[in-house]
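To start, the structure itself, in structure tokens.
The values are calculated or read from the model by the stated rules, or taken from the named source; none is laboratory data. All figures in this text were calculated on a predicted structure; none of them were measured in a lab. Positions of Cβ are backbone-derived with ideal geometry, glycine not excepted, and every protein chain shown enters the neighbour counts.
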Amino acid sequence: MKTINQGTIPTMNFSVSVDIKIGAGASKEVGVISKDLGVEKVLCIYDEGIKSAGISNNIVDSLQNEGIKVSTYDKVTPNPPDSIVTNAAEFARKQEIDGIVAIGGGSSIDCAKAVNILLTNPGPIHQYEGKDQVEHEVKPIIAIPTTAGTGSEVTSVTVVTNSEKSRKMIIAGQGCGATTALLDPELTVGLPANVTAGTGMDALTHALEAYISKGASVLTDINALKAIELISKNLYESTVNGTNLQARSNMLIGSLLAGIAFNSAGLGLVHAISHPISSHCGVPHGIANATLLPHVLAFNGEDEKVQDRLRDVASIMGISIVSKGGKETIEHVVEKVSELCEKVNIPRLRDVGVETTEFSQIAADALKEKSMTFTPRKAMKEDIVRILESAY
């Protein structure tokens with residue numbers, strides 16, 4: 001009998017539980033899909049921008065054409081606070097809805113997923129912070145992203161701002177994901193250049209952090225690398241030529257793949273710092289990530305394992321590395337990411353209202369973030385302050 005050389009077999013965690021449909025006009029199938037899910041009364045959740053742009057009109061028409069009763073909640077705000085979630089959930093219960101359609105960026109989709117928790121589980125939403133804290137089964141929810149950024153349509157995570165403590169809560173695991181994701185590039189065509197840039201860099205951050213995460217595996221790597229390729233090659237075109245439907249579609253797919261990757265691999269130091277920046281300073285999540293990304297990559301690049309990992313990233317991004325030295329790889333990747341930030345006009349921290357007097361508190365709060373668990377290089381408070389100074 002042969003002896004099997006088992007070697008070291010790593011434990012891998014990977015989960016995708018969302019039905020996905022991608023294509024021009026995909027959002028118009030929401031009515032048929034809702035009916036197939038047995039939904040009779042639906043709540044559409046979005047922000048005022050989606051309403052004023054008329055993006056929700058065809059979606060509501062599709063639902064009503066299938067005989068589905070539609071209620072709407074359009075009060076979502078960026079970095080959705082717990083108060084908005086509570087108000088929307090109360091409204092949804094009064095309407096006796098049995099399904100949700102989330103339309104918009106990460107804020108609308110995260111808000112909708114949190115509302116969905118409260119429809120079948122008691123409030124307040126704070127008690128579900130952490131992983132697998134949702135006890136009762138939730139209702140069907142269809143996510144229709146209008147930005148290529150957060151990947152929230154395919155993650156089992158919702159992020160809600162705790163208003164009292166001015167920090168973001170991560171609620172993850174069972175009951176925290178969408179049932180179906182409809183990716184329609186036509187809905188992103190009218191997105192302003194600055195929003196395209198910020199959300200696109202958010203997606204790139206997801207992919208890069210997932211790839212160098214301590215929780216990375218071959219399953220997450222496949223998705224992260226393809227996401228990096230699609231986003232790095234299509235973000236600039238999407239920003240300067242928003243009507244390019246192919247570029248818009250590639251960005252949506254890249255964002256989705258990045259979401260699939262970090263849903264299992266976890267995120268890292270960029271997100272640990274950006275969450276308190278958004279909570280304390282009101283900076284859009286994608287912009288906070290984008291501003292920090294090159295500087296955090298340089299910090300993590302001091303780790304030799306990260307240097308090895310980023311050689312694949314360099315190749316994917318079209319960087320020719322002559323030397324085998326890890327330092328050169330890091331320098332080229334950081335330069336490439338910095339150039340992309342500059343090309344799509346990503347601002348610095350000083351330009352978005354962050355004050356240097358807030359650095360100490362931001363750094364202290366960052367150390368408490370769950371994302372610190374997955375970051376490849378341990379960071380101390382003084383390291384984070386230096387990163388903030390370099391991004392300022």
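If only one of ILE103, ILE109 is in the same structural domain as GLU40 (by TED's automatic domain parsing), outside any helix (DSSP H, G or I), under 18 Å from the mean Cα position of the chain (by Cα) and hydrophobic (A, V, I, L, M, F, W, C), which one is it? It is ILE103.
The helices (runs of 4 or more DSSP H) found wholly in segment 221-314 and carrying at least 2 residues that are hydrophobic (A, V, I, L, M, F, W, C) and touching a strand residue (DSSP E or B) at 6+ places or on another chain (Cβ under 8 Å) occupy 245-265. Residues in segment 34-49 that are surrounded by fewer than 23 Cβ atoms within 10 Å (Cβ to Cβ) and over 24 Å from the mean Cα position of the chain (by Cα): LYS35, ASP36, LEU37, GLY38, GLU40, LYS41. Beta carbons closer than 7 Å, at least 6 apart along the sequence or on distinct chains, pair a first residue in segment 154-174 that is at positive phi with a second that is in a strand (DSSP E or B) for GLY173/LYS131.
How many residues does segment 118-132 hold that are in contact with a His (Cβ under 9 Å, 6 or more places away or on another chain) and among the β-branched types (Val, Ile, Thr)? Selection size over segment 118-132: 1.
Filter segment 368-392 down to the residues that are farther than 19 Å from ILE212 by Cβ and within 23 Å of the chain's Cα centre (by Cα), then identify the one that is surrounded by the most Cβ atoms within 10 Å (Cβ to Cβ). Here the answer is LEU388.
When ILE228 is tested against (1) under 29 Å from SER34 (Cβ atoms); (2) modelled with pLDDT of 95 or more; (3) crowded, with 24+ Cβ neighbours inside 10 Å, exactly one condition is not met: (1). Within segment 244-265, the set of residues being modelled with pLDDT of 95 or more and surrounded by fewer than 22 Cβ atoms within 10 Å (Cβ to Cβ) comprises ASN244, LEU245, GLN246, ASN250, ILE253.
Every condition in (1) assigned to a helix (DSSP H, G or I); (2) crowded, with 20+ Cβ neighbours inside 10 Å; (3) modelled with pLDDT of 95 or more; (4) not polar (S, T, N, Q) is met by ILE144 except one, and the failing one is (1). In segment 222-241, the residues that are under 19 Å from VAL333 (Cβ atoms) reach residues that are part of a helix (DSSP H, G or I) and aromatic (Phe, Trp, Tyr) with C-beta atoms within less than 6 angstrom, at least six apart or across chains, in these pairs: ALA224/TYR211. Is it fair to say SER52 is among the hydroxyl-bearing types (Ser, Thr, Tyr), crowded, with 17+ Cβ neighbours inside 10 Å and more than 18 Å from ASP110 (Cα to Cα)? No; evaluated as a whole, the condition is false for this residue.
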